[in-house]
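Structure first, commentary second.
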Amino acid sequence: MAYAVIDLETTGFSPARGDRIIELAVVLVDEAGRPEREWTTLVNPQRDAGRAQVRGIRSEDLAGAPLIGEVASHLVGLLSGRTLVAHNQEFDLRFLKSELASDGFVLPATFDALDTMLWAHRAFGVSRLGDVCAVLDIDYDPARPALGDARAKAAILAALIAREGGSDDWRTDAANAAFPLSADGSTTATGTARASTTADGFVDTAERPLWERVSIPQGTLDAASAVYLDMLIRVLEDGLISTGEYSRLDAIAELTQLSPQRLVTLHASYLAAAYVEVLADGIVTADERRELVQIATILDLPVPEIPDVDEPAGDERAFTLAPGARIVFDGALNRPAEDWARLVTDAGLVTGSVTKSCVVLVAADAASQTGKAKTARAHGIPIVTEAEFEPVFEAYLAQRAGAVS
């Protein structure tokens, strides 16, 4: 069966509380994950743009966009007969079910999409979209329109099909995610696309906002926790603290059905990882201080004491491994980057994009000029070859096994 990959932008986190879809993108791919067709549109939510303003979508942009009812039949026609795919489908499906039902297309309450976030967690040891794209060397920019994200998710799907598509679990999941509705095909919609405002070229991923750089070890996460943390980033990204932020956290916790005790543990782990990221290079910027305060405040935790440090530290090629350390892979290595990702995350380490807390970049060529390598050099992160990394990793594994026994 072919696939339909969706991406949504919304005014907030809860359709039950009045939030609406304001941007839709669909990428259709065949059974092997090869692109076939794509479609995107802004959607007039008949309310303000809400949190989506941080993504560059303004209320005035939506005024001339079609209503959801004007594109619903076309959307259903695109999805019909295909396996529906989303990254963190818990979020997308809540909105899709709510919006389509208002126009007479009622999805079963139990219907779920195939979730590339959970499958990537299983296959590669990472789940956040930016981290998965970094492992698979897929272009990713969190500020671009929904169609850009849908294309990235389609590329992740293709990698998962190549790796997992022959398994019984994958075939079962894909079959269960077959979109169950159909439209008569009489309605077509061209949509109103949003132009990208981001620049092409090198992006210093270590300079992105703090909440886009933080990862906690995947071994500590179950599916519900992964979903919660993915949506927590969306709460943090507008850079504001308001009473609404707390209600958003409540809405997410309600969706994921996490216990209060589990939430406390997740919040503490996330804040601790953010603190490590802030201090990693010995330089704490004003933005990082503000962002760390914001994270602690929204999570209702004490703000960590931030020392006055402004000196990068360490030998440019020296590195050590400890649980939770971030290791990033780049280039055509002897062992594929996705295999390395699975190995290091199974060992209690973290991978994904290059951030300030990255302890080492393992590259096919230590003199590489890729974006990952440029970011590593800009922040004094060691760059080593695979042959140099392997004995250090093996020593870490032996030490870890000894500590466990």
Legend entry - Residues of segment 384-405 that turn out to be β-branched (V, I, T) and touching a residue at least 60 places away in the same chain (Cβ under 8 Å), as a count: 2
Inset, instruction - Could you please find all residues in segment 350-375 being touching a residue at least 60 places away in the same chain (Cβ under 8 Å), in contact with a helix residue (DSSP H, G or I) (Cβ under 8 Å, 6 or more places away or on another chain) and not small (G, A, S)? - result: V350, T351, V354, T355, K356, C358, K372, T375
Inset, instruction - May I ask you to say which residue of A193, A134 is touching a Gly at 6+ places or on another chain (Cβ under 9 Å) and either over 26 Å from I327 (Cβ atoms) or outside any loop (DSSP other than H, G, I, E, B) (or both)? - result: A134
Inset, instruction - Take the residues in segment 28-39 that are under 11 Å from R82 (Cβ atoms) and aliphatic (A, V, I, L, M), then tell me which one is surrounded by the most Cβ atoms within 10 Å (Cβ to Cβ). - result: V29
Inset, instruction - Could you tell me which residue of segment 136-176 is modelled with the lowest pLDDT, considering only residues that are crowded, with 21+ Cβ neighbours inside 10 Å and in contact with an Asp or Glu (Cβ under 6 Å, 6 or more places away or on another chain)? - result: A146
Inset, instruction - Kindly check whether there is at least one residue in segment 196-218 that is more than 21 Å from the chain's Cα centre (by Cα) and either at pLDDT below 85 or not aromatic (F, W, Y) (or both). - result: no
Legend entry - Count of residues meeting criterion [closer than 22 Å to L232 by Cα and among the aromatic types (F, W, Y)] in segment 54-112: 2
Legend entry - Test result for A143, of a type outside the set (K, R) and in a helix (DSSP H, G or I): no
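Let's see how each residue does on (1) in contact (Cβ under 8 Å) with a residue 60 or more places away in the chain; (2) within 15 Å of L157 (Cβ to Cβ); (3) assigned to a loop (DSSP other than H, G, I, E, B):
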| site | (1), (2), (3) |
| --- | --- |
| E9 | yes, no, no |
| W39 | yes, no, no |
| A52 | no, no, no |
| L84 | yes, yes, no |
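The values are calculated or read from the model by the stated rules, or taken from the named source; none is laboratory data. It should be emphasised that the depicted structure is a prediction, and the values quoted were computed from it without experimental measurement. Positions of Cβ are backbone-derived with ideal geometry, glycine not excepted, and every protein chain shown enters the neighbour counts.
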